[in-house]
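First up is the structure itself, then whatever we jot down about it.
The values are calculated or read from the model by the stated rules, or taken from the named source; none is laboratory data. Here the structure is a predicted model, which is why all the values come from computation and not from measurement. Here the Cβ positions follow ideal geometry from the backbone for every residue, glycine too, while neighbour counts run over all protein chains shown.
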Amino acid sequence: MAALTYLVAYDFSDNADKVLDYAVDLAQKCDADLKVVHVVDTPTFPITLANYDDLVIELQELSQKKMDEVRERLKECPVPIQTVVLNGVPGEEILKYVENNKIDMIFLGTHGHSKLENFLFGNTAEAILRKAQCPVVSLRI
């Protein structure tokens, strides 16, 4: 086990792949383990959609399948890599995971959304940047 553990906040986008590649490269150079974490964004407010629980389960299964593909793509990588799928509000869940798993550094991408988009949709990167208790590498791709 490496002395350092890095976390990549991963959303399956092309930008997230670029951030992951950057983190893998740095993890190799620093002899760090890597945890790739995706959060299935589930609302915290009451909703009345029929079959909501089934939808969440389907999203979890799809996310896990995609994370398995990420792990397969990186199987030749000399860095120990673990993929994790969580549920909840992405920023909050990533911060909890960091706190509970001795993460030394977080890698995430930012998209440069407008202030209106940040207000309407929230901003995972901003929440992590403001509240993380470890260094955060934010890559604008």
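Is there any pair linking a residue in segment 90-102 that is more than 17 Å from LEU34 (Cβ to Cβ) to one that is among the hydrophobic types (A, V, I, L, M, F, W, C) and surrounded by fewer than 20 Cβ atoms within 10 Å (Cβ to Cβ), with Cβ under 6 Å and at least six apart or on different chains, and which? What qualifies is GLY91/ALA127; GLU93/LEU86. For segment 5-15, residues that are in contact with a strand residue (DSSP E or B) (Cβ under 6 Å, 6 or more places away or on another chain) and either of a type in the set (A, V, I, L, M) or exposed (fewer than 14 other Cβ atoms within 10 Å of the Cβ) (or both) total 3. For segment 16-59, the set of residues classified as surrounded by 15 or more Cβ atoms within 10 Å (Cβ to Cβ), assigned to a helix (DSSP H, G or I) and either at pLDDT 95 or above or under 14 Å from the mean Cα position of the chain (by Cα) (or both) consists of ALA16, ASP17, VAL19, LEU20, TYR22, ALA23, VAL24, LEU26, ALA27, listed by residue number.
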